[in-house]
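In what follows, a single structure is set out as structure tokens and then discussed.
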Amino acid sequence: MHSKAFLAALLAPATVSAQLNDLAVAAGLKYFGTALGEGTINSDSQYAAILNDKREFGQLVPENGQKWDSTEPSRGQFNYNQGDITANQAKRNGQGLRCHTMVWYSQLPNWVSSGSWTKATLTSVMETHINNVMGHYKGQCYAWDVVNEAISDDGQWRNSVFLRTFSTDYLPLSFNLAKKADPNTKLYYNDYNLEYNQAKTDRAVELVKIVQAAGAPIDGVGFQGHLIVGSTPSRANLATTLKRFTALGVEVAYTELDIRHASLPASSSAQVTQGNDFANVVGSCVDVAGCVGVTVWGFTDKHSWVPGTFPGEGDALIYDSNYRKKAAWTSISSVLAAAATGAPPQSSSSSSTFVTVTARPTSTTTTTNTPPPATSTSSGGGGGAEQTRWGQCGGNGWAGPTRCQSPWTCQKQNDWYSQCL
Ligand code: G3I
């Protein structure tokens, strides 16, 4: 068994639900989390009900509310109305909080991005902002994205007011200021397209080394994980890339995971591929000792930034727009359950997921205590074998065991997936 999973199994509470955060913790991660859309939480009760369930999401991150344009839209005028939505929700639900984001070229008010600064004046602006915002959330954030997206896709340093004023010296400066503002939160560099292990990834490795060489603190690197169905690297390649950073002594996490279809509507086979891609990402985190958790950037296709930015693309999340669990959800659940029990993947392929999906679900999916109907499972292939706790025991196309070891029972999660609980 994976050492993280072994430890977690020893510590696991007697009853663990089939939901993603519970499974992630049982698999040795710290959390499975989601971004919270500040405009959605009070206007969509189905959204709120799922998001508020700690068994599903053990950690929240504000999608927009803690960004500079929200927290200090005018110089010296601080506003926490939006940021507090997520912080308060997490507190109420007993969920963890990731905090996002401090020094970023985007969603930066004009008074900063178009100002004419010297090193001294911009240092003062950054210090005031960081002290106020990190001070406001002091003690509440598991981690803060201190510097966000400092590298362009071609691997060059991204042009910004910070780079123009300080060159790369703003990197250690930001981390030093953050440490002073909240000494106990984990300080992260956070970026997208690091997953492909190309020039941008090389530059991010250099970034960590620059900060460390300057004697500044950096605790983690966030892989945002804004990926594309069918173009997501394999589980092994993802793990190799994560390890380039853990080898530098920092932890890693997937911080904004979504995997979009490049064209819509997505076919059944594209949905299976999406499920495999999600499983590969989550599986790579389970495989790497310093990978602490996975956060999805929203959870329902009803509310996502993707179609607005990539017209014609989308359906990038794990619940569909009617709040039905997708193949992606099932695949993640399967890979976490396998890690939690130490069970080998049960698919016939060598991919890291063992869900076999033949169709979109047709009904709302809720956890019930009823075993799956006989029609939803196949009795072939499973023989007389009994499935272990958390293992799959049914679902459309499932050819493995349909009975569970005592005292566990086979419980339907959705049309594709029943699980021994
Ligand atoms: O709040 C205003 C509203 O008052 C106004 O009426 C409306 C008109 O367009 O805009 C609203 O602001 C929007 C904001 O989201 C809140 O909904 C902005 O236009 C819109 O640009 C902004 O998009 C966000 C985007 O970051 C901005 O860069 C997305 O929601 C958010 O998901 C996205 O998140 C980023 C991460 O922070 C960093 N990594 C990439 C990721 C995806 O782009």
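Table for the structure above
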| read-out | value |
| --- | --- |
| Lys91 - accessible surface, heavy atoms, 1.4 Å probe, Å² rounded to 10 | 130 Å² |
| Residue-normalised accessible area of region 221-324, expressed per residue, 1.4 Å probe, Å² | 30 Å² |
| R0 of 35 Å, Cβ-Cβ distance Leu264-Gln77: FRET efficiency to nearest 0.05 | 0.25 |
| Where Thr40, Thr240, Thr300 fall by accessible area, highest first, once all protein chains stay in place (1.4 Å) | Thr240, Thr40, Thr300 |
| Links that overshoot a 30 Å alpha carbon limit, given the list Lys30/Lys326; Lys67/Lys412; Lys138/Lys412; Lys186/Lys325; Lys67/Lys200; Lys186/Lys243 | Lys67/Lys412; Lys138/Lys412; Lys186/Lys325 |
| Cα extents of region 136-264 along the three principal axes, largest first (Å) | 45, 32, 30 |
| Stretchable slack from Ala214 to Ser231, in nm (0.36 nm times residue separation minus alpha-carbon distance) | 2.5 nm |
| Contour minus Cα-Cα distance for Gln198 and Thr121 (0.36 nm per residue) | 24.2 nm |
| Prolate/oblate/rounded call for region 285-335, Cα gyration tensor, a/c under 1.5 rounded | oblate |
| Radius 9 Å from Cβ of Gly222, net charge of other residues (Lys, Arg +1; Asp, Glu -1) | -2 |
| Ile85 accessible area, 1.4 Å probe, all protein chains in place, Å² to nearest 10 | 40 Å² |
| Coordinate range along principal axes, alpha carbons of region 19-130, Å, largest first | 50, 33, 20 |
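The values are calculated or read from the model by the stated rules, or taken from the named source; none is laboratory data. Owing to the predicted nature of the structure, the values given are computational and were not obtained by experimental measurement. Glycine gets a Cβ as well: all are built from the backbone with ideal geometry, and neighbour counts include every protein chain shown. Ligands, DNA and RNA are excluded from the accessible area calculation, which covers all protein heavy atoms including side chains. Shrake-Rupley method; radii C 1.70, N 1.55, O 1.52, S 1.80 Å.
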